[in-house]
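Undergrad: Quick one: structure below, then a few questions.
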Amino acid sequence: MDRKLTTLQTIWVAARVWLLLQTCCLTLSLFPAALSAADVDSRAYRLAPGDRITVTVFGQPELSGDMLIDDAGTITMPLSGPIEVKDLTVSECQKRIDDRLLADGLLKAPSVGVRIAELRPLYVLGDVRLPGAYPFRYGSTAQSAVALAGGFGPGEVLRNAAVSEYLQAEERVHQLISQQRTLLVRKARLEAQRDGLDSFSPPDLGGAIDDRDTKEIKEIVANEQDIFETRTAIQRGQIALLRSQKPVLDDQIDANNEQGEAAKKQLDMIRHQIDRYGNLLKQGLGTQNNDFQYRVLEANQEAAVWRLLSDVSRLKVEAGNLDLKIREVEATFKREVVTELQQTRDHLNELEITLPAAIRFRDVKLQYAGGAAAQGVRHLISITRMRDGRAVVLDAVETTPVEPGDVIDVRNEMPRMQSHDEAAGPLASRPSKTEEARGQATTGSISR
């Protein structure tokens, strides 16, 4: 019985030795595989969030598998929970997992193998064709990372953007000059209306540079001329309508005055007749009834006279109100004209500031646009890399080696500003003409 027990113990020890040898062989076989798969020195490489590792526990497939290191720097082992592996080498990671599984009673002897399955990706952003995350490959440089992202952004984008900005600035200057022309013509029109003139003379806006300017100036003058004629016609129409009522009122006043004079004569005749009848009544030749009738007739005639006098007074008041309305129409029109004239002068004064600034801005855009068209684009590369738990930004060139997890930022450097004459060369197909137009448009006075 003792011999059998000793034999069983010998067999069990031999099996344990064989198991340890197999584990060592497996571990030794895993590291070269990791080196060949990821082409990195797993003995020096430090794990970080985003890396994916393969954990193999001999004889325990339920504990084995690919595991992603999360943002906290941990992996989650089945039946064991999270294990922090950040900043560990592969060997240190393997030992930590072994120790954890042994401590949890899931293993009786070290039997864990670890290899790197997938390194954390590179992130390429900025002026590249396809920014995004890309797998790390051993020996990668900034240039190869940019190649994965489709290459540098086309230089035409920068040049087109610079030219587009110049054209927008040029159009802005043209709009301001157009506003200035309109305001100068409007100022002349309002001053003529304020002074009660029958017409106005547009200011000298200078010679047109091209057909577009000629058409624009004609349209501005024609529009203000139309406004002048329309508003003058409306004002004169209102005043003429009010004044046309004045003769009617005067005729009614004259007619009522004549009727009043006639009514007074009739009243005098009635009173004379009453006096004569009163003498007859005293002599007993008349009756009280007839005398009463004469008195009633006198009262009615006197009331008619007073009505006519009241109508004359009312008509005179209406005539006075009519004159007041005419003055109100004239005052309202002049008040509106003066207010609009003041606003026009204010806008012209604002343009004295904004227009030169817009021209300077346009000239700067012209210099940038000329520089972008004449020069090549220089690429600026920076790499953001984690070191000791901190993000460090490094200046790089195209041949700078990159590491897993690097963030590669590519920017196109804005070309230097060229002089106005240099910049005008590449853009000679669209010459600037607003400077001359501005000089011609501002010949009018903007004084208050």
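The values are calculated or read from the model by the stated rules, or taken from the named source; none is laboratory data. Predicted, not measured: the structure shown is a model, and the values here were computed from it. So basically every Cβ, Gly included, is an ideal-geometry build from the backbone, and we count neighbours across all protein chains shown.
Undergrad: Please tell me if ALA358 is closer than 23 Å to ARG172 by Cβ and modelled with pLDDT under 75.
TA: Numbers: closer than 23 Å to ARG172 by Cβ: yes; modelled with pLDDT under 75: no.
Against the criterion (closer than 23 Å to ARG172 by Cβ and modelled with pLDDT under 75), ALA358 does not qualify.
Undergrad: Still on this model: Please go through the range 79-107 and give me each residue that is touching a Leu at 6+ places or on another chain (Cβ under 8 Å) and part of a loop (DSSP other than H, G, I, E, B), ordered by number.
TA: Within the range 79-107, LEU79, SER80, VAL85, LYS86, ASP87, LEU88, THR89, ASP104, LEU106, LEU107 qualify.
Undergrad: If a residue must be part of a loop (DSSP other than H, G, I, E, B) and more than 52 Å from the chain's Cα centre (by Cα), how many such residues does the range 51-78 contain?
TA: Of the residues in that region, 5 qualify.
Undergrad: Which of the residues that make up the range 293-317 are of a type in the set (Val, Ile, Thr) and surrounded by 12 or more Cβ atoms within 10 Å (Cβ to Cβ)?
TA: VAL305, VAL312 - these are the residues of the range 293-317 that are of a type in the set (Val, Ile, Thr) and surrounded by 12 or more Cβ atoms within 10 Å (Cβ to Cβ).
Undergrad: Further question on the same structure: Pairs, please: C-beta under 8 Å, at least 6 apart or cross-chain, first residue touching a residue at least 40 places away in the same chain (Cβ under 8 Å) and farther than 12 Å from ILE217 by Cα and in the range 167-190, second aromatic (Phe, Trp, Tyr) and assigned to a helix (DSSP H, G or I)?
TA: ALA169/PHE361; ARG172/PHE361
Undergrad: Additional query: Go through the range 195-230 and give me each residue that's part of a helix (DSSP H, G or I) and crowded, with 16+ Cβ neighbours inside 10 Å.
TA: ASP213, GLU216, ILE217, ILE220, VAL221, GLU224, PHE228
Undergrad: Okay, next question. Among residues belonging to the range 391-425 that are at pLDDT below 85 and in a strand (DSSP E or B), point out the one that is surrounded by the fewest Cβ atoms within 10 Å (Cβ to Cβ).
TA: Filtering the range 391-425 for residues that are at pLDDT below 85 and in a strand (DSSP E or B), the one surrounded by the fewest Cβ atoms within 10 Å (Cβ to Cβ) comes out as GLU413.
Undergrad: May I pose another question? Could you tell me whether SER111 is crowded, with 16+ Cβ neighbours inside 10 Å, within 30 Å of GLY59 (Cβ to Cβ) and polar (S, T, N, Q)?
TA: Spelling it out, SER111 is indeed crowded, with 16+ Cβ neighbours inside 10 Å, within 30 Å of GLY59 (Cβ to Cβ) and polar (S, T, N, Q).
Undergrad: I'd like to check something: does the range 294-301 contain any residue that is within 19 Å of LYS265 (Cβ to Cβ), in the same structural domain as LYS265 (by the TED database) and in contact with a Leu (Cβ under 6 Å, 6 or more places away or on another chain)?
TA: yes
Undergrad: Check the range 275-284 and report whether any residue there is in a loop (DSSP other than H, G, I, E, B), in contact with a helix residue (DSSP H, G or I) (Cβ under 6 Å, 6 or more places away or on another chain), more than 30 Å from PRO202 (Cα to Cα) and modelled with pLDDT under 85.
TA: No, the range 275-284 contains no residue that is in a loop (DSSP other than H, G, I, E, B), in contact with a helix residue (DSSP H, G or I) (Cβ under 6 Å, 6 or more places away or on another chain), more than 30 Å from PRO202 (Cα to Cα) and modelled with pLDDT under 85.
Undergrad: Determine whether ASN290 is at pLDDT 85 or above and either in the same structural domain as LYS325 (by the TED database) or surrounded by 11 or more Cβ atoms within 10 Å (Cβ to Cβ) (or both). Steps first, answer last, please.
TA: Values: at pLDDT 85 or above: no; either in the same structural domain as LYS325 (by the TED database) or surrounded by 11 or more Cβ atoms within 10 Å (Cβ to Cβ) (or both): yes.
When the stated conditions are applied, ASN290 does not pass them.
Undergrad: Oh, and also: Where the second residue is of a type in the set (A, V, I, L, M) and the first is in contact (Cβ under 8 Å) with a residue 40 or more places away in the chain and lies in the range 261-278, which pairs have Cβ atoms under 8 Å and are six or more apart or on separate chains?
TA: ALA263/ALA304; ALA263/VAL305; ALA263/LEU308; LYS264/VAL305
Undergrad: When the residues of the range 108-138 are narrowed to those that are outside any strand (DSSP E or B) and of a type in the set (Ser, Thr, Tyr), which ends up nearest to GLY50 (Cα to Cα)? So that I can check it myself, show each step before the final result.
TA: Residues of the range 108-138 outside any strand (DSSP E or B): 108-111, 119-121, 127, 129-131, 135-138.
Cutting the leftovers down to of a type in the set (Ser, Thr, Tyr) gives us 111, 138.
Details: SER111: 25, TYR138: 17 Å.
Ranking the candidates gives TYR138 first.
Conditions tested, residue by residue: (1) without any contact (Cβ under 8 Å) to a residue 24 or more places away in the chain; (2) among the β-branched types (Val, Ile, Thr).
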| residue | (1), (2) |
| --- | --- |
| GLY320 | yes, no |
| ILE326 | no, yes |
| ALA331 | yes, no |
| GLU336 | yes, no |
| LEU348 | no, no |
| LEU351 | no, no |
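Undergrad: Checking the conditions here, which among GLN235, GLN266, GLN245, GLN259 is closer than 30 Å to VAL317 by Cβ, touching an Asp or Glu at 6+ places or on another chain (Cβ under 8 Å) and surrounded by 11 or more Cβ atoms within 10 Å (Cβ to Cβ)?
TA: Within the list GLN235, GLN266, GLN245, GLN259, the selection yields GLN235.
Undergrad: Sort through GLY126, GLY196 and tell me the only one that's out of contact with any helix residue (DSSP H, G or I) (no Cβ under 8 Å at 6 or more places or on another chain), not charged (D, E, K, R) and not assigned by the TED database to the domain that holds ARG345.
TA: Every option except GLY126 fails the conditions.
Undergrad: Considering (1) on the phi < 0 side of the Ramachandran plot; (2) assigned by the TED database to the domain that holds THR400; (3) in contact with a strand residue (DSSP E or B) (Cβ under 9 Å, 6 or more places away or on another chain), say which one SER91 fails and leave the rest.
TA: Of (1) on the phi < 0 side of the Ramachandran plot; (2) assigned by the TED database to the domain that holds THR400; (3) in contact with a strand residue (DSSP E or B) (Cβ under 9 Å, 6 or more places away or on another chain), only one is false for SER91: (2).
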